[in-house]
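Student: Before anything else, here's the structure in question.
Just so you know, all these numbers are worked out from the coordinates, no wet-lab data involved. Everything numeric in this text was worked out from a predicted model, so none of it was measured. With ideal geometry, Cβ positions are generated from the backbone for all residues, glycine too; neighbour counts draw on all protein chains shown.
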Amino acid sequence: MSATDVTINVTLSIEQLLKAVQQLPAQEKMTLWRVLDTDIDRSGIRQRFWSALQTIRTSYADLSEEDVIADVLLAVREVREGQLYVEDRS
């Protein structure tokens, strides 16, 4: 370190950091994205995804396609009813 170098330690919450990043110019965001992209463990992510998918498939192997579709339709209806409830309260 030379006489002109200064080290500053700053503690930010993730929300504060994200707000600061959102204010960066587009070119600086691209530079940041390139740096962060090299840190991504794509193999680990892929492995965790396939493991989770296999767990889901195993857990629901005994359900028929009709049962799954019925559950999906029920979940969609529940979400839509919940959205209507939230909209009514606004």
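Student: If you stretched the chain out fully between ARG57 and ASP41, how much longer would it get, using 0.36 nm times the residue separation minus the C-alpha to C-alpha distance?
Tutor: On the way: separation 16, 0.36 × 16 = 5.76 nm, distance 2.44 nm.
Working it through step by step, the gained length comes to 3.3 nm.
Student: Can you tell which of THR31, THR55, THR11 shows the greatest fluctuation in a Gaussian network model of the chain with Cα springs below 10 Å?
Tutor: THR11
Student: Between ARG57, ARG80, ARG42, which gets the highest mean-square fluctuation from a Gaussian network model of the chain, Cα cutoff 10 Å?
Tutor: Most flexible of the set in this elastic network: ARG80.
Student: What's the magnitude of the charge dipole for the chain around its Cα centre, counting Lys and Arg as +1 and Asp and Glu as -1 at the beta-carbon? Answer in Debye, nearest 20.
Tutor: 420 debye
Student: Still on this model: Where in the chain are the DSSP H helices whose C-alpha atoms run 15 Å or more along the long axis and whose mean Kyte hydropathy is at least -0.5?
Tutor: Once both thresholds are applied, what remains is 26-37, 65-89.
Student: Let me ask something additional. Springs between alpha-carbon pairs under 10 angstrom, Gaussian network model over the chain: which of VAL79, VAL21, VAL35 fluctuates most?
Tutor: Of VAL79, VAL21, VAL35, the most mobile in the Gaussian network model is VAL79.
Student: Roughly speaking, what % of Cα-Cα pairs in segment 1-67 are separated by over 17 Å, rounded to a whole number?
Tutor: Working: 1584 of 2211 pairs.
Percent of Cα pairs beyond 17 Å in segment 1-67: 72.
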